[in-house]
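Novice: Please read through the structure below; I'll follow up with questions.
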Ligand code: SF4
C-alpha cells in the first residue's frame, strides 16, 4: 500500500483529504456566514501564498482546497482563524439566514439566535453529526426543515423542528414545539434536545431516534408530559 493510499482526514487540523488522496481542504469557521472584508482578504492572501483553490460551501464557509499536509500548520498560523467543524461526530456550523438584521421578509432575528446557538454548540461532540439551521421567516432559507434541529421564526414565535436531514436518506424534520416566545426559551429547549440525544447509544442521526420513538414520545421524553399534551409552548 502506498503512502498516499493510507492518508486520512486530520480532524485535529480541520483537514479533509481530497480526491487526489494527497492534498487537503480546510475551512475556517465563519459563524453564520457573516464575515468582513479583512477576513476575506486574509483568506485570499493565504490562498495565493499556498496556491489553494476556494469553494463557497453549503455550510456558509469558504473551503480552501489543495493544501499540502506539511503546510497545514503554517496555513492555520497565517490565517489566525479557527477551523470550522466540517468532519467528525459533532455539531457543524449553524446555518443562519440574514433575518431582521437585513432581510425585508424577516419576522424574527435569526442571526441573533443562530449566532448564540453557534457559540454554544459549534464543534460539540455528539453521538453523530448534528446540523442546525435558523430562519427568520417561514420561507426557511436556512433549510431548517432538513436540519437535525431546525428553527423558523413566524408571527407567533419560533417553531422548532427536530430530526431532519439531507444525505442519502433525506428526512423532513418533525415539529417538536411551536410558538416559542423568546430566544432564551428556544435555547432551553435545544439544550434539552441535545442533552437527551447525547446519551443515544445507537449513535445514529437524531432523525433515526425520532423515527423509532415517534415524535409524540420523543416530545414527552424531552419536554415533559405537559408540553407533549399541548404540542406547543403556548
Ligand atoms: S428565511 Fe425569510 S428572513 Fe430568512 S432570508 Fe429567507 S426570506 Fe429572509
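The values are calculated or read from the model by the stated rules, or taken from the named source; none is laboratory data. Bear in mind the structure is a predicted one, so any value in this text is a computation, not a measurement. With ideal geometry, Cβ positions are generated from the backbone for all residues, glycine too; neighbour counts draw on all protein chains shown.
Novice: Given 188, 184, 125, which one is farther than 15 Å from residue 33 by Cβ, in contact with a strand residue (DSSP E or B) (Cβ under 6 Å, 6 or more places away or on another chain) and surrounded by fewer than 17 Cβ atoms within 10 Å (Cβ to Cβ)?
Specialist: Among 188, 184, 125, only 125 is farther than 15 Å from residue 33 by Cβ, in contact with a strand residue (DSSP E or B) (Cβ under 6 Å, 6 or more places away or on another chain) and surrounded by fewer than 17 Cβ atoms within 10 Å (Cβ to Cβ).
Novice: If you don't mind, there's one more thing I want to ask. Pairs, please: C-beta under 6 Å, at least 6 apart or cross-chain, first residue in contact (Cβ under 8 Å) with a residue 40 or more places away in the chain and farther than 15 Å from residue 198 by Cα and in segment 113-137, second part of a helix (DSSP H, G or I) and within 14 Å of the ligand (Cβ to nearest atom)?
Specialist: 114/32; 115/32; 134/110; 134/113; 134/114
Novice: Residue 73 fails exactly one of the following numbered conditions: (1) more than 20 Å from residue 208 (Cβ to Cβ); (2) within 16 Å of the ligand (Cβ to nearest atom). What is the number of that condition?
Specialist: (2)
Residue-by-condition table, conditions (1) crowded, with 21+ Cβ neighbours inside 10 Å; (2) more than 16 Å from the ligand (Cβ to nearest atom); (3) modelled with pLDDT of 95 or more; (4) closer than 30 Å to residue 167 by Cβ:
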{"residue": "34", "(1), (2), (3), (4)": "no, no, yes, yes"}
{"residue": "38", "(1), (2), (3), (4)": "no, yes, yes, no"}
{"residue": "47", "(1), (2), (3), (4)": "no, yes, yes, yes"}
{"residue": "51", "(1), (2), (3), (4)": "no, yes, yes, no"}
{"residue": "61", "(1), (2), (3), (4)": "yes, yes, no, yes"}
{"residue": "108", "(1), (2), (3), (4)": "yes, no, yes, yes"}
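Novice: When you scan segment 89-101, how many residues do you find that are closer than 18 Å to residue 143 by Cβ, without any contact (Cβ under 8 Å) to a residue 60 or more places away in the chain and within 10 Å of the ligand (Cβ to nearest atom)?
Specialist: Residues meeting the conditions: 3.
Novice: When the residues of segment 7-24 are narrowed to those that are assigned to a strand (DSSP E or B) and in contact (Cβ under 8 Å) with a residue 60 or more places away in the chain, which ends up surrounded by the fewest Cβ atoms within 10 Å (Cβ to Cβ)?
Specialist: Across segment 7-24, the extreme among qualifying residues is 10.
Novice: Being over 28 Å from residue 126 (Cα atoms) and not assigned by TED's automatic domain parsing to the domain that holds residue 183 narrows it down to one of 37, 23, so name that one.
Specialist: 37
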